[in-house]
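Taking it in order: structure first as structure tokens, then the write-up.
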Amino acid sequence: MAPDAAPPGRRRRPDRVAAVVVCLPGLEALVAAELEALGIRSRPAGTGALAARLTDRQLYDANVRLATATRILVEAGELTARTFASLEERIDAVELAPYLDRSRPVRFRITSHRSKLHHTGAIEERLRRLLALGPPPGAADARGTDPAQLVVVRVDRDRLTVRVDSSGAPLHHRGWRGPAGKAPLRETLAAAALAAVGWTPDQALVDPFAGSGTIPIEAARRAAGIAPGADRPFALERWPSFAPGTWASVQAAVRDDRADEGEAPVAPIVARDRDAGAVAAMTENAARAGVAPRIDVGEGSVSALVAPDGPPGWIISNPPWGGRLAAGRAGDVRDVYARLGHVVADRFPGWGLALLVPDVRLAHAAGLRGEPVWRSRAGSTPVHLMARPPG
Ligand SMILES: C[S@@+](CC[C@H](N)C(=O)[O-])C[C@H]1O[C@@H](n2cnc3c(N)ncnc32)[C@H](O)[C@@H]1O
């Protein structure tokens, strides 16, 4: 037998796997651009999804380096079934062996549309039995930083597709977050704001409502050449098909890109918040993220905000919203935006302004006009990016 041939009875894994890169709705174009920068061609695959064919190296690279994607699923098989009997007959089309660490529980996420097999509980029960997967995980194994292996099943017009999650915890878990603050922004949305406005590390960045520090930390890590997933584990590391040599070479490239922790930043990154608890949280998070020396953290209200020395850059922020609006105190919140608008007009001539808001009318109160750069949604909360470039 040739050294690279599969053992009898086992199919040889193809050189490339069909993958779906999942993201928040509205971020597809940003994820496609990131993939392209990694040399990976993708095509749209519906809302919040891009399809691509990936080598092992590309799969590892994409998991570690994508800043705006949520997870990467790998296709493990596809079949047509209108009854459980035909599902049973054709189950050989699903090849989970390369992906499942048998010591870990498996959790399913199943959707079914326009199909005879529509009861997702019954589909899961059948798949568990046919694929010898054991019982569902307990609540503790379902989420967190080291969740059970996720298998995503989509049944559409009787076509059943089984995909295995290669990421583990969603990719917005960068591995540095300690204190969450009051309303932390997802790291993927912070990255999507930085990418969409075209911020580069040679431009100054100010976040007057920094909370737990997500936007300045995301920016500082980019400036320091730290790949988004450099400090976290991935589900694929436990797969039987895991290629340690390829992984080591991806990790070595990631380490090479990383600047020394003490290296001085090229342009200032300023993070302010009026809440002492938020300042303590962002200070701890910046240290955990390895970028404390790169961020000028301080306590202060937006009314006291002043521009750092040097050429104009960007104010990028996620000002207060959510609960207070829902509680009918929209006026209070709009006042904060109006104050920000005045501060920017008076003290930040020539600076760009980008705000992440649930309602574009809040951004209007800060003087931003026009259409959102992108519209997304985190859970049930809409998030719009409104921006005006420097100049
Ligand atoms: C939506 S949170 C920001 C969350 C942040 N992006 C994160 O990821 O943690 C808004 C922040 O604005 C702060 N804030 C509210 N009013 C402020 C004001 N007038 N000046 C400065 N900060 C203020 C709050 O303390 C809160 O931390």
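Simple rule: put +1 on each Lys or Arg Cβ and -1 on each Asp or Glu Cβ in the chain, find the dipole, and look at PRO268, TYR337, TRP314; the Cα lying farthest toward the positive end is TYR337.
So for the stretch 17-165, averaging the separation of alpha carbon pairs under 8 Å that are six or more residues apart and normalising by length, what relative contact order in percent results? Before the final figure, lay out each step's value.
Numbers: 261 pairs, mean separation 36.2, N = 149.
Result for the stretch 17-165 is 24 percent.
The alpha carbon centroids of the stretch 250-291 and the stretch 178-215 are separated by 11 Å.
The charge dipole of the chain, taken about its Cα centre with unit charges on the Cβ atoms of Lys, Arg (+1), Asp and Glu (-1) only, comes to about 1280 debye.
Could you check which residue among ALA62, ALA193, ALA81 shows the biggest mean-square fluctuation in a GNM of the chain with a 10 Å Cα cutoff? Its mean-square fluctuation being the largest, the pick is ALA81. Treating r as the C-beta distance of GLU371 and ASP101 and R0 as 41 Å, the FRET efficiency rounds to 0.35.
Think of the stretch 17-165 as having a plus end and a minus end, set by charges on the Cβ of Lys, Arg, Asp and Glu; of LEU100, ILE123, LEU150, ILE123 sits farthest toward the positive end of this dipole.
Each peptide in 104-110, 13-19, 37-43 receives the mean, over its residues, of other Cβ atoms within 10 Å, and ordering these scores from highest gives 104-110, 13-19, 37-43. Using C-alpha pairs below 8 Å separated by at least 6 residues, the relative contact order for the chain is 15 percent.
Suppose we keep just the DSSP beta bridges with both residues in the stretch 17-165; what percent of those would be antiparallel, to 5?
Percent antiparallel among DSSP bridges in the stretch 17-165 is about 75.
Contour minus end-to-end for ASP309 and ARG274, with contour as 0.36 nm per residue of separation and end-to-end as the Cα-Cα distance?
Numbers: separation 35, 0.36 × 35 = 12.60 nm, distance 2.15 nm.
Fully extending the segment from ASP309 to ARG274 adds 10.5 nm.
Of the accessible area of the chain, with the probe set at 1.4 angstrom, what percent is carbon plus sulfur? Write down the numbers at each step before the final one.
Working: 9140 of 17740 Å².
Here carbon and sulfur together make up 52 percent of the probe-accessible area.
Taken along the Cα-to-beta-carbon direction at a fixed 7 Å, the label points for THR83 and ALA29 span 4.9 nm.
Axis of helix 276-288 versus longest Cα principal axis of the chain: the two differ by about 50°, to the nearest ten degrees. For the chain, the solvent-accessible area of protein heavy atoms averages 45 Å² per residue (probe radius 1.4 Å; ligands and nucleic acids excluded).
Working ranking of peptides 257-268, 293-304 by packing, defined as the average number of other Cβ atoms within 10 Å per residue, highest first, is 293-304, 257-268.
What dipole magnitude, in Debye to the nearest 20, does the stretch 132-233 give about its Cα centre under +1 on Lys/Arg Cβ and -1 on Asp/Glu Cβ?
Details: 12 positive and 10 negative charges, 32 e Å.
It works out to roughly 160 debye.
Note on ALA93/SER301: beta-carbon distance plugged into 1/(1 + (r/R0)^6) with R0 of 41 Å gives a FRET efficiency of 0.10.
For GLU263 and ALA37, the FRET efficiency from 1/(1 + (r/R0)^6), where r spans their Cβ atoms and R0 equals 35 Å, is about 0.90.
Taking the DSSP beta bridges with both ends in the chain, the antiparallel portion is around 65 percent.
For the Cα trace of the chain, dividing Rg by the Kirkwood Rh returns an Rg/Rh value of 1.02.
Magnitude of the charge dipole for the stretch 55-149, about its Cα centre and with charges confined to Cβ atoms of Lys, Arg (+1) and Asp, Glu (-1), is about 320 debye.
Does anyone have the angle between helix 28-37 and the longest principal axis of the chain? Alpha-carbon axes, 0 to 90°, nearest 10? It works out to around 80 degrees.
An ellipsoid equivalent to the stretch 17-165, defined through the eigenvalues of its Cα gyration tensor, has semi-axes of 27, 18, 14 Å when rounded to whole angstrom and sorted largest first. Peptides 116-126, 271-281, ordered by how many other C-beta atoms sit within 10 Å of their residues on average, highest first, read 271-281, 116-126.
Relative to the longest principal axis of the Cα atoms of the chain, the long axis of helix 56-65 makes an angle of roughly 30 degrees. Placing a pseudo-label 7 Å from each Cα along the Cα-to-Cβ vector at ARG255 and GLU125 gives an inter-label distance of 5.1 nm.
The values are calculated or read from the model by the stated rules, or taken from the named source; none is laboratory data. Predicted model, so just to flag it, every value in this text is computed and none were measured. Every residue, glycine as well, gets a Cβ built from its backbone with ideal geometry; the counts of neighbours run over all protein chains shown. Accessible surface areas use protein heavy atoms only, side chains included; no ligands, DNA or RNA. Shrake-Rupley method; radii C 1.70, N 1.55, O 1.52, S 1.80 Å.
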